[in-house]
Amino acid sequence: MKLLSWNIQWGRGADGVVDLQRTIAAIHTLGDFDVLCLQEVSIGFAGLHDGRPVDEVAVLAAAFPGYSAHFAAGVDVPDGAGGRSCFGNLTLSRLPVGQVFRHSLPRPPEEGVPSMPRVCLEVVVDSPSGALRVLNTHLEYYSRIQRMTQIAALHTLQCDAVRLANMGGQTGRECAPDSPFAVWPRPASALVCGDFNCEPGSPEFYRMTAPISADVSGWEDAWRACYGDIPHLSTVGLSGAEWPDRAYCCDFFFVSADLVDRVDSVAVDQATAASDHQPVVLTLQ
């Protein structure tokens with residue numbers, strides 16, 4: 001099973017040019033994927049496209065026929081023309097998708113610090129090895145306080161899923177399959193990927209990989225599961241974009257403990273300049 005995670009910066013390359021077709025071509029060049037997890041995808045927001053509102057979800061969905069498209073907006077505001085402008089995460093899956101969850105992440109106010117609403121998009125895919133939860137997220141850049149609370153929310157999501165799975169997925173009386181109360185698979189096995197806006201060794205990184213509770217293990221860094229103490233390859237600061245002023249890693253895959261032994265490889269494409277971030281690829285056995 002092969003997955004890609006990439007903050008595409010709405011198609012804006014390191015050269016400052018917005019060209020979503022270049023982004024699409026870069027993904028196709030990287031190979032064939034079962035699941036694509038993209039961050040910073042926009043609908044509307046004409047200011048991001050030289051005054052032309054673009055539905056990037058529709059464009060990306062059309063570029064990957066055979067994939068189902070699932071979008072979660074962190075930002076959802078009026079566009080000033082009677083419609084809506086949205087900004088968030090898109091997951092494209094060619095594997096069958098069961099339940100889909102859109103989790104708003106906490107955003108505690110911090111005076112004088114800019115921020116935007118953030119979201120975690122969770123899809124349950126039917127993988128060759130069984131049901132698997134794939135979480136696609138993008139944490140706040142400017143506020144460590146918000147990142148920490150958002151990481152705590154990711155811990156809560158995993159804790160709830162593990163405990164629900166231990167209950168057999170049952171929370172009440174049985175319902176018809178077409179009822180909104182019907183029980184759908186939501187396994188403990190999961191991975192979460194995206195732009196975490198923190199570095200290996202940071203307080204946020206250690207918080208993310210800390211044990212969640214006495215009965216629920218923490219998220220495991222897929223890179224470390226695969227390569228041990230070898231430093232993470234940089235995912236920003238490589239392509240000459242105006243940000244950042246140095247190279248480091250802030251884009252990750254984290255997996256539940258039961259998936260650690262299935263991590264086959266984690267790769268970073270450091271060649272493309274189609275975004276200010278680099279694509280990260282995870283292969284599971």
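The values are calculated or read from the model by the stated rules, or taken from the named source; none is laboratory data. Computed from a predicted model, the values in this text were never measured in an experiment. Here Cβ is always computed from backbone atoms with ideal geometry, including for glycine, and neighbour counts include all displayed protein chains. When the accessible area is computed, the model is the full protein with side chains, heavy atoms only, and any ligands, DNA or RNA have been set aside. Shrake-Rupley method; radii C 1.70, N 1.55, O 1.52, S 1.80 Å.
What to note about this one:
- Note on the chain: helix-only mean residue ellipticity at 222 nm, from DSSP H runs of 4+ residues weighted -39500 (n - 2.57) and normalised by residue number, equals -5500 deg cm²/dmol.
- For region 1-102, the pair-distance distribution built from all alpha carbon pairs, in bins 10 Å wide starting at 0, is 14, 49, 30, 6, 0 percent.
- Ratio Rg/Rh, restricted to the chain and using Cα atoms, in which Rh is the Kirkwood radius: 0.95
- Counted by Cβ distance under 10 Å from Trp6, the other residues give a net charge of -4, where Lys and Arg count +1 and Asp and Glu count -1.
- Of the listed residues Ser129, Ser115, the order by accessible area with a 1.4 Å probe, largest first, is Ser129, Ser115.
- Rolling a 1.4 Å probe across all protein chains gives Ile212 an accessible area of roughly 40 Å².
- Comparing Val100, Val54, Val183 in a Gaussian network model of the chain (Cα springs below 10 Å), the most mobile by mean-square fluctuation is Val183.
- Between Pro108, Val119, Leu48, the Cα set farthest toward the positive side of the dipole of region 1-132 (charges on each charged residue's Cβ, about the Cα centre) is that of Val119.
- The order of Phe101, Phe87, Phe196, Phe181 by accessible area, most exposed first and with a 1.4 Å probe, is Phe181, Phe101, Phe87, Phe196.
- Other residues with beta-carbon under 12 Å from the beta-carbon of Ile151 carry, at +1 per Lys or Arg and -1 per Asp or Glu, a net charge of +2.
- Across all directions, the average projected area of the convex hull around the alpha carbons of region 100-209 is 8.3 nm².
- Average accessible surface for the chain: 44 Å² per residue, computed with a 1.4 Å probe over protein heavy atoms with every protein chain in place.
- Candidate residues Thr272, Thr156: accessible-area rank, largest first, probe 1.4 Å: Thr156, Thr272
- When you restrict to C-alpha pairs under 8 Å that are six or more residues apart and normalise by the size of the chain, the relative contact order lands at 20 percent.
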